[in-house]
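Chemist: Below: one structure in C-alpha cells.
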Amino acid sequence: MDRTLRIWDATSGTCLAICRGHARHVQCVAALGEDCIISGSGDGSARVWDTETYECVHILRGHGGMVTCLTTLADEKTLVTGSFDHTLMVWDARAGLKLGTLCGHGDRVWCSVALSDDRVVSGSFDRTLRVWDVLHQTCLATLEGHRDRVWCLVALGRDKVASGSLDCNLRVWDCKAGTCLGVLSGHGDAVRCVIALGNGALASAGDDKCVKVWDLSDYTCTRTLSGHGHFVTALAALADGRLVSASRDRTLKVWDARSGRRLATLAGHAHAVERVAVLPGGRVASGSHDRTLKIWAP
C-alpha cells in the first residue's frame, strides 16, 4: 500500500527499480509484451512503465474509481482496464491514447480475461459477466446466472470461460453462444480464485479454506484439498502437475493435483499471503501483507 511498483531480479533477489507516481495503492499489474509493464491503482489511473528505463511513459486517466483489472490483447498494444466506476476502458497503451469506454455493467467491474478475436470477458459485482468485442466496442453477450458478485475468471480455450462467485459456485460458459454449460457446486463459501490445470481440469479455492479440483467433462469435483487454516486467496499451477495455494493463514501449500496429496507447506510470511505466481524454472513468488515478496523452490 506504499503506492509504488517495484521491479525485482528474482534470481539475485535484488530490487532493480522503484516506480513512483501513483497517488494511491497499486491494485493490479500486467505485462505488455517484454518491454512494458502496466499498473492499475486505487487512484483511478493506469500507468505504462518502460522495463529498460523504469520510467513512466504514459498515464492513462479517465476512470472515476479504482482500477481493478488489466487485460492486454495479442497485438501487445491494446489494453482494457476495469474499474469500480462500473466501466471498462480501451486504450492504445503504447501511444497513451484512450480508444473508448465499454458501458453496461450495473456495479463495480472486478475481473476480466482475454479471449481470441479481440474479445474480453468481464465479471462484475452486478452478478453478471459480459463478453465484449473490443475492436468494435460492443457487448456481444451478457451471461447471467450467478446469485452474488463475480469474483474471478479464467479462460478455457477459444470460446469458454469459468467464473467463480461469492454465491459459492463456479459456472462454465460458452461465450459465443451466451449459455451456461455447467454449474460447479461444492464450495461452502465464496470462491475467490480459479485456474485451469490442463487436461480438462480446473482448480478453485476460497473462503471455505479448501482447494477443489474439477473434471470439466462432467463438472464433478474429483479432489478436495484441505489443510489451510484461513481463506485461500490465490492458486498457481506448476508445469509438472503440482498446484500451489496461498492463504491468509500466512502459508503456501504445494499439492499433487492428481492424487490430492499435500507435498509441502511453505511457511515464512508474517501475515496473510494474497498472491502467488510461477516463475521460469519452476520457482514460485508469493506476495504478502507483511510487505515482502518471497521466492520459493518448491
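Chemist: Tell me, what does the Kirkwood hydrodynamic radius of the chain come to in angstroms if you use every pair of distinct C-alpha atoms?
Modeler: Value: 19.5 Å, from the Cα pair sum.
Chemist: May I ask you to compute the full-extension gain from THR142 to ALA297, defined as 0.36 nm times their residue separation minus their alpha-carbon distance, rounded to one decimal in nm?
Modeler: Net length gain for the segment: 51.6 nm.
Chemist: How are the alpha carbon pair distances in the range 1-71 distributed across 5 Å bins from zero to the largest one, expressed in percent?
Modeler: In order of increasing distance, the bins hold 4, 18, 29, 26, 16, 6, 2, 0 percent.
Chemist: Taking amide H positions as placed in the peptide plane 1.01 Å from N, state which residues far from ARG223 in sequence (5 or more) or on other chains have amide H under 5 Å from it.
Modeler: Residues meeting the criterion, in which the H sits 1.01 Å from N, are VAL213.
Chemist: Follow-up question, since we're still on this one. Would you tally the net charge around ARG258, using a Cβ to Cβ cut-off of less than 10 Å, leaving ARG258 out, and scoring K and R as +1, D and E as -1?
Modeler: Here the charged neighbours net out to +2.
Chemist: Please list, in chain and number order, the residues 5+ apart from LEU115 or on another chain whose amide H is under 5 Å from its amide H, with Hs placed from the backbone.
Modeler: VAL120, VAL121
Chemist: Tell me the relative contact order for the chain as a rounded percent, counting alpha carbon contacts under 8 Å between residues six or more apart.
Modeler: 7
Chemist: Further, regarding this structure: Work out from phi, with θ = phi - 60° and the Karplus expression 6.51 cos²θ - 1.76 cosθ + 1.60, the ³J(HN,Hα) of each residue of the range 55-67, listed in order in whole Hz, and give x for Gly and Pro.
Modeler: Ordered by residue, 3J(HN,Hα) equals 8, 7, 9, 8, 10, 9, 10, x, 6, x, x, 3, 7 Hz.
Chemist: Based on the Cβ-Cβ distance from ARG3 to ASP75, what FRET efficiency comes out when R0 is 30 Å, to the nearest 0.05?
Modeler: 0.50
Chemist: Sticking with this one: What share of Cα pairs, in percent, lie more than 22 angstrom apart in the range 192-298?
Modeler: For the range 192-298, the fraction of Cα-Cα distances above 22 Å is 22 percent.
Chemist: Which length gain, in nm to one decimal place, applies between THR220 and ASP133 when the Cα-Cα distance is subtracted from 0.36 nm times their residue separation?
Modeler: Contour length minus Cα-Cα distance gives 28.2 nm.
Chemist: Okay, which of the range 1-34 sit inside 14 Å, backbone N to the point 7 Å along the Cα-Cβ direction of GLU52?
Modeler: Counting only backbone N, you get 34.
Chemist: Mind listing the long-range amide H neighbours of SER247? Cut-off is under 5 Å, sequence gap 5 or more, other chains count too, H placed in the peptide plane at 1.01 Å from N.
Modeler: THR233, VAL273
Chemist: With the cut-off at 1.5 for a/c, could you classify the range 1-143 from its C-alpha gyration tensor as rounded, prolate or oblate?
Modeler: Here the range 1-143 falls in the prolate category.
Chemist: Stretched out fully, how many nm does the piece from THR101 to ASP117 gain, at 0.36 nm a residue minus the Cα gap?
Modeler: 3.9 nm
Chemist: With an 8 Å Cα cut-off and a minimum separation of 6 or more residues, compute the relative contact order for the range 192-298 in percent.
Modeler: Answer for the range 192-298 is 17 percent.
Chemist: Give me the net charge of ASP240's neighbourhood, meaning all other residues with Cβ under 13 Å from the Cβ of ASP240; Lys, Arg count +1, Asp, Glu -1.
Modeler: Residues near ASP240 contribute +2 overall.
Chemist: Follow-up. List the lysines whose Cα lies under 21 Å from the Cα of LYS209, skipping any in the same chain that are fewer than 8 positions away.
Modeler: Those lysines meeting the cut-off are LYS253.
Chemist: Also, quick follow-up: Can you run phi through the Karplus equation (6.51, -1.76, 1.60; θ = phi - 60°) for the range 131-147 and list ³J(HN,Hα) in whole Hz, with x for Gly and Pro?
Modeler: 9, 10, 8, 5, 4, 9, 6, 10, 8, 8, 6, 10, 9, 10, x, 5, 9
Computed from the coordinates by the stated procedures, all read-outs in this text should not be read as laboratory data. Not measured: the values here are computed from a predicted model. Every residue, glycine among them, receives a Cβ derived from its backbone with ideal geometry; neighbour counts consider all protein chains shown.
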